[in-house]
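The values are calculated or read from the model by the stated rules, or taken from the named source; none is laboratory data. Just so it is clear, the structure is predicted and the values come from calculations on it, not from any experiment. We place every Cβ from the backbone using ideal geometry, glycine too, and count neighbours over all the protein chains shown.
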Amino acid sequence: MKEFQELSENELQVMIENAEKILRQKQANKRKEVISQIKELAASIDVGVDIIENDKKSARKGVKVPVKFRHPSEHEKTWTGRGVMPTWLKSLLDAGHDRTEFEVK
């Protein structure tokens with residue numbers, strides 16, 4: 001443990017990334033071995049096995065929706081037009097403004 005404390009933050013980050021990469025490789029190899037064993041056991045009793053991979057990634061994950069509305073003076077306040085309308089936009093609309101005034105062009 002003492003040798004880890006002597007490493008810089010960058011050296012530690014590189015070490016962590018390398019360890020994660022090696023771990024993923026080992027897990028993938030283990031998975032292949034287990035699938036092979038399952039197929040061999042099934043074949044030993046004359047049974048066919050189809051392995052169906054579960055893709056855990058959602059089709060929507062990581063999809064960015066472009067900003068459609070922006071606060072006129074506080075530009076970090078934005079809204080994509082999806083979900084509940086933000087309070088800043090609702091209060092501006094209640095004050096008599098039109099929604100089109102805040103559209104991002």
- Query: Is the stretch 31-45 home to any residue that is modelled with pLDDT under 90 and either in a loop (DSSP other than H, G, I, E, B) or among the acidic types (Asp, Glu) (or both)?
  - Reply: no
- In the stretch 69-83, which residues are part of a loop (DSSP other than H, G, I, E, B) and touching a helix residue (DSSP H, G or I) at 6+ places or on another chain (Cβ under 6 Å)? HIS71, LYS77
- Message: Report every pair of residues separated by at least 6 positions or lying on different chains whose Cβ atoms are under 7 Å apart, first residue within the stretch 18-41 and more than 17 Å from GLU53 (Cβ to Cβ), second in a helix (DSSP H, G or I).
- Response: none
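Select, from ILE35, ILE51, ILE45, the only residue that is more than 23 Å from the chain's Cα centre (by Cα), surrounded by 11 or more Cβ atoms within 10 Å (Cβ to Cβ) and of a type outside the set (S, T, N, Q). It would help to see each step written out before you state the result.
Numbers: ILE51 fails: surrounded by 11 or more Cβ atoms within 10 Å (Cβ to Cβ); ILE45 fails: surrounded by 11 or more Cβ atoms within 10 Å (Cβ to Cβ).
Of the residues listed, the single one that is more than 23 Å from the chain's Cα centre (by Cα), surrounded by 11 or more Cβ atoms within 10 Å (Cβ to Cβ) and of a type outside the set (S, T, N, Q) is ILE35.
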